[in-house]
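K.L.:
Got a structure for you, written out below as structure tokens; questions coming shortly.
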Amino acid sequence: SQTIHQWPATLVQPVGSPLSLECTVEGTSNPNLYWYRQAAGRGLQLLFYSVGIGQISSEVPQNLSASRPQDRQFILSSKKLLLSDSGFYLCAYRDSGNTIYFGEGSWLTVV
Amino acid sequence: GQQLNQSPQSMFIQEGEDVSMNCTSSSIFNTWLWYKQDPGEGPVLLIALYKAGELTSNGRLTAQFGITRKDSFLNISASIPSDVGIYFCAGGLQGGSEKLVFGKGTKLTVNP
């Protein structure tokens, strides 16, 4: 069966520090992968999606970047965090039936 | 871009009551999905709809894919306290788009 896991679950980082959130998917090959951000528990904003290794599409201009070094690994990064980067970040993958499944989420607080 | 209008934004009901929420759009979708999110967790898929007019149940939940392809509803019967959470609809666009469009969510509160 397919599973998705992201970490860390909770992160408190100072302004200006770097960020790395990691996501891995098991039980499937060449999945479409996504990073979403959710502010204040409402509304899912698509940040990045990837249809294959090294292929990243950015949805909104921002202080974040994404990379896909391996088929089932998706990383969300920042070189210098801003206060406005705080939020709940969700990794997701899409199955062959056009259904998206989410990871557990990562809470980021920038202080 | 495409948008989904999800309503109501929030609901406060008594345990045992039925609940209905819906999503509408001016765009046509070929997939409709309904998710539930508990606080601090990722959304969990409840029901997936792939065909116009399709009516699908999952326990006390029932969802339908509108025949115009522009809307969907989710009903919850005989609500219980654990139904509390935020419910999201999502539409998959025609043409094989890689992305889903999400509604802004319906926050459900169930009073025991």
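The values are calculated or read from the model by the stated rules, or taken from the named source; none is laboratory data. A quick note: this is a predicted structure, and the numbers were derived from the prediction, not measured. Here the Cβ is made from the backbone with ideal geometry for all residues, glycine too, and neighbour counts use every protein chain on show. Ligands, DNA and RNA are stripped out before the accessible areas are found, and what is left, the full protein with its side chains, is counted by its heavy atoms. Shrake-Rupley method; radii C 1.70, N 1.55, O 1.52, S 1.80 Å.
K.L.:
Per residue of segment A:49-58, what does 6.51 cos²θ - 1.76 cosθ + 1.60 with θ = phi - 60° give for ³J(HN,Hα)? Whole Hz please, x for Gly and Pro, Karplus curve as stated.
P.N.:
Values per residue, Gly and Pro as x: 9, 9, 9, x, 4, x, 9, 10, 10, 9 Hz.
K.L.:
Here's a follow-up. Starting from the eigenvalues of the Cα gyration tensor, five times each then square-rooted, give me the equivalent ellipsoid semi-axes of the protein assembly as shown, largest first, whole Å.
P.N.:
On the way: eigenvalues 175, 88, 46 Å².
Those come to 30, 21, 15 Å.
K.L.:
Just for the protein assembly as shown, what percent of DSSP beta bridges are antiparallel, to the closest 5?
P.N.:
About 90 percent, rounded to the nearest 5.
K.L.:
For the cross-link pairs A:K79/B:K36; A:K79/B:K107; B:K70/B:K107; A:K80/B:K36, which exceed 29 Å when the distance is taken from alpha carbon to alpha carbon?
P.N.:
Details: A:K79/B:K36 33 Å; A:K79/B:K107 35 Å; B:K70/B:K107 22 Å; A:K80/B:K36 33 Å.
Cα-Cα > 29 Å for A:K79/B:K36; A:K79/B:K107; A:K80/B:K36; rest within.
K.L.:
With a 1.4 Å probe and every protein chain kept in, tell me what percent of the accessible surface of segment A:15-111 is carbon plus sulfur.
P.N.:
53
K.L.:
Pick from B:F12, B:F29, B:F73 the residue whose mean-square fluctuation is largest in a GNM of chain B, springs joining Cα atoms under 10 Å.
P.N.:
Between B:F12, B:F29, B:F73, it is B:F12 that shows the largest mean-square fluctuation.
K.L.:
I would also like to ask the following. Can you give me the distance in nm between label points at A:K80 and A:N30, each placed 7 Å from the Cα along the Cα-to-Cβ direction?
P.N.:
Going from the A:K80 label point to the A:N30 one covers 4.0 nm.
K.L.:
Using the heavy atoms of the protein chains and a 1.4 angstrom probe, tell me the accessible area per residue for the protein assembly as shown in square angstrom.
P.N.:
Accessible area per residue, the protein assembly as shown: 46 Å².
K.L.:
Right, another one. Using θ = phi - 60° and the Karplus curve 6.51 cos²θ - 1.76 cosθ + 1.60, what whole-Hz ³J(HN,Hα) does each residue of segment B:40-51 get, with Gly and Pro shown as x?
P.N.:
x, 10, x, x, 10, 5, 9, 9, 10, 10, 10, 9
K.L.:
How many percent of the accessible area of chain B is carbon or sulfur, using a 1.4 Å probe?
P.N.:
Summing carbon and sulfur atoms, their accessible area is 49 percent of the total for chain B.
K.L.:
What residue among A:S86, A:S65, A:S17 shows peak mean-square fluctuation when chain A is described by a Gaussian network model with Cα springs under 10 Å?
P.N.:
A:S17
K.L.:
Sticking with this one: Over the alpha-carbon set of chain B, work out the extent along each principal axis and list the three values in angstrom, largest first.
P.N.:
Extents along the principal axes, in whole Å: 45, 27, 20.
K.L.:
Right, something else. What ³J(HN,Hα) values, in whole Hz, does the Karplus curve 6.51 cos²θ - 1.76 cosθ + 1.60 give for segment B:18-35 when θ = phi - 60°, with x put for Gly and Pro?
P.N.:
Values, residue by residue: 8, 10, 9, 9, 8, 10, 10, 8, 8, 9, 8, 10, 10, 8, 10, 10, 10, 10 Hz.
K.L.:
What number, in nm² with one decimal, is the all-direction average of the projected area of the convex hull of the alpha-carbon atoms of segment B:45-86?
P.N.:
Mean projected area of the Cα convex hull: 3.2 nm².
K.L.:
Lys/Arg Cβ at +1, Asp/Glu Cβ at -1, dipole of chain A taken about the Cα centre: which of A:L44, A:G97, A:Q13 is farthest positive-ward?
P.N.:
Result: A:Q13.
K.L.:
If you find the alpha carbon centre of segment A:20-67 and of segment A:88-104, how far apart are they in angstrom?
P.N.:
First find each Cα centre; the distance between them is then 9 Å.
K.L.:
Can I ask one more? Quick one: divide the alpha-carbon radius of gyration of chain A by 2.2 N^0.38 Å and tell me what you get.
P.N.:
1.00
K.L.:
Provide a whole-number value for the mean count of partner chain Cβ atoms within 10 Å of the Cβ atoms in peptide A:46-55.
P.N.:
Partner-chain Cβ atoms within 10 Å, mean over residues of A:46-55: 1.
K.L.:
Right, next: To the nearest 100 Å², how much accessible surface do chains B and A cover up together, summed over both, with a 1.4 Å probe? Show your work: numbers first, answer last.
P.N.:
Working: alone 6120 and 5890 Å², together 10250 Å².
Looking at B and A, the buried total is near 1800 Å².
K.L.:
Take every Cα-Cα pair in segment A:18-80 and report what % of them are more than 15 Å apart.
P.N.:
So the pairs more than 15 Å apart make up 50 percent of the total in segment A:18-80.
K.L.:
What is the magnitude of the charge dipole of chain B about its Cα centre, with +1 placed on the Cβ of each Lys and Arg, -1 on the Cβ of each Asp and Glu, and no other charges, expressed in debye to the nearest 20?
P.N.:
Its charge dipole is roughly 360 debye.
K.L.:
Let me ask something else about it. How far apart, in nm, are the 7 Å Cα→Cβ label points at B:S26 and B:Q3?
P.N.:
Between B:S26 and B:Q3, the simple spin-label model gives 0.9 nm.
K.L.:
Arrange the peptides B:56-64, B:101-109 so that the one whose residues have, on average, the most other Cβ atoms within 10 Å appears first.
P.N.:
Packing proxy ranking, top to bottom: B:101-109, B:56-64.
K.L.:
So, with +1 on the Cβ of K and R and -1 on the Cβ of D and E, and no other charges, what is the size of the charge dipole of the protein assembly as shown about its Cα centre, to the nearest 20 debye?
P.N.:
In total the dipole reaches around 520 debye.
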